[in-house]
């Protein structure tokens, strides 16, 4: 019998984490079967998805509120799917407000649950750790200092590090130019909603900077081709004369390109 894994990522950063986990699982268990909610990198790594990851990717209270009914329905569908098709283990990645209730219900039904990427309990709402303990059999943390909070509450925890630490090396970036010309990165985010609301603000701010410092150039790394196209449309309308460098980061797993 193959190992059955349920895996749900909540946004693009979770897709990156999920892909790294899938690669390692496939290395150890060649016949593993993984299904859940996946983005393009997880799909490339060998999982199947119940629906597109974009359906879960929202930004801020307003967008969550406007899509509350849809998100609750999606969560119920995921929970019911895995209750009716029990995996050997369920792995929730990021999106704690979405994933933890699923994990809690599955754990109560006897399905082992893992959560990857700890909520920021060390920064605020520390009391959440008690609900996390009731929801997961194991917490995987990306940073070493996070583990001590779970150890103090006797919650099984494992520090795994961040896959970007292995993916990005000094050779991934161009050598520092001898020129004194400065470059500014515009980083509106990875979600569609972030690009929609933050992208125009950054472009207008870049225009003001360029007017005062015309020698400065700009780059805009995007998480995938869809966000690239979305930001490109804003650029063409808002700041078509802004000096955005034309280059590529396709060899780096975190991005499909620069505008």
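Sort out which residues of the stretch 113-130 are surrounded by fewer than 16 Cβ atoms within 10 Å (Cβ to Cβ) and either under 19 Å from the mean Cα position of the chain (by Cα) or at pLDDT 95 or above (or both), and write them in order of number. Don't jump to the end; show me each part of the working.
Here is the first cut: in the stretch 113-130, the ones surrounded by fewer than 16 Cβ atoms within 10 Å (Cβ to Cβ) are 120, 122-127, 130.
Hits for the stretch 113-130 are 120, 130.
Would you confirm, using the coordinates I've provided, whether residue 72 is surrounded by 13 or more Cβ atoms within 10 Å (Cβ to Cβ), in a helix (DSSP H, G or I) and modelled with pLDDT under 95? Quick ask: steps written out before the conclusion?
Values: surrounded by 13 or more Cβ atoms within 10 Å (Cβ to Cβ): no; in a helix (DSSP H, G or I): yes; modelled with pLDDT under 95: yes.
Taking the combined requirement at face value, the residue does not satisfy it.
Consider residue 30 against the criteria (1) assigned to a helix (DSSP H, G or I); (2) closer than 18 Å to residue 88 by Cα: it satisfies all of them except one. Which criterion is unmet?
(1)
May I ask you to verify whether residue 6 is within 20 Å of residue 136 (Cβ to Cβ), at pLDDT below 95 and under 20 Å from the mean Cα position of the chain (by Cα)?
So residue 6 fails the test.
Would you mind stating whether residue 44 is free of Cβ contacts under 8 Å to residues at least 40 places away in the same chain, closer than 19 Å to residue 222 by Cβ and loosely packed, with under 15 Cβ neighbours inside 10 Å?
Details: free of Cβ contacts under 8 Å to residues at least 40 places away in the same chain: yes; closer than 19 Å to residue 222 by Cβ: yes; loosely packed, with under 15 Cβ neighbours inside 10 Å: yes.
Answer is yes for this residue.
Restricting to the stretch 227-259, name every residue that is outside any loop (DSSP other than H, G, I, E, B) and at pLDDT below 80. Reasoning before the result, please.
Let us first name the residues in the stretch 227-259 that are outside any loop (DSSP other than H, G, I, E, B), namely 227-238, 244, 257-258.
Across the stretch 227-259, the qualifying residues are 257, 258.
Which is part of a helix (DSSP H, G or I) and touching a strand residue (DSSP E or B) at 6+ places or on another chain (Cβ under 6 Å), of 17, 25?
Details: 25 fails: touching a strand residue (DSSP E or B) at 6+ places or on another chain (Cβ under 6 Å).
Of the residues listed, the single one that is part of a helix (DSSP H, G or I) and touching a strand residue (DSSP E or B) at 6+ places or on another chain (Cβ under 6 Å) is 17.
Run residue 81 past the list (1) within 22 Å of residue 18 (Cα to Cα); (2) modelled with pLDDT under 95 and report the number of the one that doesn't hold.
Failed condition: (2).
I'd like the residue in the stretch 154-178 that is part of a loop (DSSP other than H, G, I, E, B) and at pLDDT 95 or above and, out of all such residues, is farthest from residue 24 (Cα to Cα).
Within the stretch 154-178, the first condition is being part of a loop (DSSP other than H, G, I, E, B), and the residues that meet it are 154-156, 160-163, 168-169, 173-178.
Going one step further and asking which of them are at pLDDT 95 or above, we end up with 154-156.
Values: 154: 27, 155: 24, 156: 20 Å.
Checking each candidate, the answer is 154.
Which of the residues that make up the stretch 129-153 are part of a helix (DSSP H, G or I) and touching a residue at least 24 places away in the same chain (Cβ under 8 Å)?
From the stretch 129-153, those part of a helix (DSSP H, G or I) are 129-135, 144-152; that's our starting set.
129, 131, 132, 134, 135, 146, 149, 150 - these are the residues of the stretch 129-153 that are part of a helix (DSSP H, G or I) and touching a residue at least 24 places away in the same chain (Cβ under 8 Å).
Can you tell me how many residues within the stretch 181-195 are under 18 Å from residue 53 (Cα atoms) and either touching a strand residue (DSSP E or B) at 6+ places or on another chain (Cβ under 9 Å) or without any contact (Cβ under 8 Å) to a residue 60 or more places away in the chain (or both)? Spell out the reasoning first.
Our first condition is that a residue be under 18 Å from residue 53 (Cα atoms); within the stretch 181-195, this holds for 189-195.
Checking which are either touching a strand residue (DSSP E or B) at 6+ places or on another chain (Cβ under 9 Å) or without any contact (Cβ under 8 Å) to a residue 60 or more places away in the chain (or both) leaves us with 190, 195.
Number of matching residues: 2.
The values are calculated or read from the model by the stated rules, or taken from the named source; none is laboratory data. Here the structure is a predicted model, which means the values were calculated and not measured. Note that we place each Cβ from the backbone using ideal geometry, even for glycine, and neighbour counts take in every protein chain shown.
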